[in-house]
Amino acid sequence: LGALYYREKTGKGQYIDVAMTDSLASFMGLPLSQILNCGQQGVAVDPGYGIFPTKDEKFITLSIFYEDHFWRNLCGVIGREDLADLKTRQRQERKDELQQILVAAIRTRTRAEWIELLSKADVAFGPVWRLEEVVNDPQLQHRNMFMHIKSADREYTVVGNPIKMSATPCEDVRLPPPRLGEHNEEILSELGYSDREIGEMKTAGIV
């Protein structure tokens, strides 16, 4: 969008270079900034932030970074009201101790039980799905992230477009994946080959 706006104002285009590794690094802006500016000792993470195993050998994530109210709600759920009033800095100073308490507490219930309890208690968390469970995630289903398309011989389910636009929504996929060699003649014709030349390629086993 910035490049389009620049073109609108100047009439000039530009090359946009977006690397996957750079993008991943940008997602870690906060912890990397702490390391860059404070050194390793300056990195302080809340004990309520991380991945925790459940009773049934599955996992949940807790995403309490600085929020005292989420921490207070979590302490209520695990029956540790005595820790509920700890502020962010106090929790960070006691991180190892508090994380051990959380690990032990979360081990006492299944992932499904924690989903129900933490949702009701307004705690920032999420279940960790196995890949085969992702396709049944209610949020992704609600967001139409899995779409169905039909070909001549079967129906496919594909991952939908994550960009949701109000005026021009991508609500369906128009074409199924092509069969091997399905568009050979069409492409070769566009490249300037005659029907005779294409026929010779087929006879020679080139296409």
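The values are calculated or read from the model by the stated rules, or taken from the named source; none is laboratory data. Small disclaimer: the values here were computed from a predicted structure and weren't measured. Neighbour counts run over all protein chains shown; Cβ positions are idealised from the backbone, glycine included. Heavy atoms of the whole protein, side chains included, go into the accessibility calculation; ligands, DNA and RNA do not. Shrake-Rupley method; radii C 1.70, N 1.55, O 1.52, S 1.80 Å.
I'd like the accessible area for Met147: 1.4 Å probe, protein heavy atoms, all chains in place, Å² to the nearest 10.
That residue has around 20 Å² of solvent-accessible surface.
Within the chain, what is the number of lysine pairs with alpha carbons under 23 Å apart, leaving out pairs fewer than eight places apart on the same chain?
Close lysine pairs under the 23 Å cut-off: 7.
Could you pull out every residue, at least 5 positions away or on a different chain, whose amide H is within less than 5 Å of the one on Phe59? Hs are placed 1.01 Å off N in the peptide plane, and Pro or chain starts have none.
Residues meeting the criterion, in which the H sits 1.01 Å from N, are Thr54, Val128.
Can you check what the net charge comes to around Arg89, using other residues whose Cβ is under 12 Å from the Cβ of Arg89 (Lys, Arg +1; Asp, Glu -1)?
So the environment of Arg89 carries a net charge of +1.
Work out from phi, with θ = phi - 60° and the Karplus expression 6.51 cos²θ - 1.76 cosθ + 1.60, the ³J(HN,Hα) of each residue of region 129-140, listed in order in whole Hz, and give x for Gly and Pro.
Taking θ as phi minus 60°, the curve returns 8, 6, 4, 5, 8, 4, 5, 9, 4, x, 5, 5 Hz for region 129-140.
Express in % the proportion of alpha carbon pairs of region 45-193 at distances exceeding 18 Å. Kindly include the intermediate steps, with their values, before the conclusion.
Working: 7479 of 11026 pairs.
That fraction is 68 percent.
How do the peptides 188-200, 85-97, 107-119 rank, highest first, by the average count of neighbouring beta carbon atoms within 10 Å per residue?
Top to bottom by mean Cβ count within 10 Å: 107-119, 85-97, 188-200.
May I ask you to derive the FRET efficiency for Leu30 and Ile51 from their Cβ-Cβ distance with R0 = 22 Å, giving the value to the nearest 0.05?
0.80
Within the accessible area of the chain, what % is carbon and sulfur when the probe is 1.4 Å and the other protein chains stay in place?
55
How far apart, in nm, are two points set 7 Å out from the Cα along the Cα-to-Cβ line at Val134 and at Arg7?
Each label point is offset 7 Å from its Cα along the Cβ direction, giving 3.2 nm.
In Å², and per residue, what accessible area does region 1-108 have when probed at 1.4 Å with the other protein chains present?
69
Taking one equal scatterer on every alpha-carbon of region 65-140, how large is log10 of I(q)/I(0) by Debye at q = 0.13, 0.17, 0.23 1/Å?
After summing over all Cα pairs, the log10 values are -0.45, -0.72, -1.12.
Name the residue, out of Phe146, Phe70, Phe125, whose mean-square fluctuation peaks in a Gaussian network model built on the chain with Cα pairs under 10 Å.
Looking only at Phe146, Phe70, Phe125, the largest GNM fluctuation is found for Phe146.
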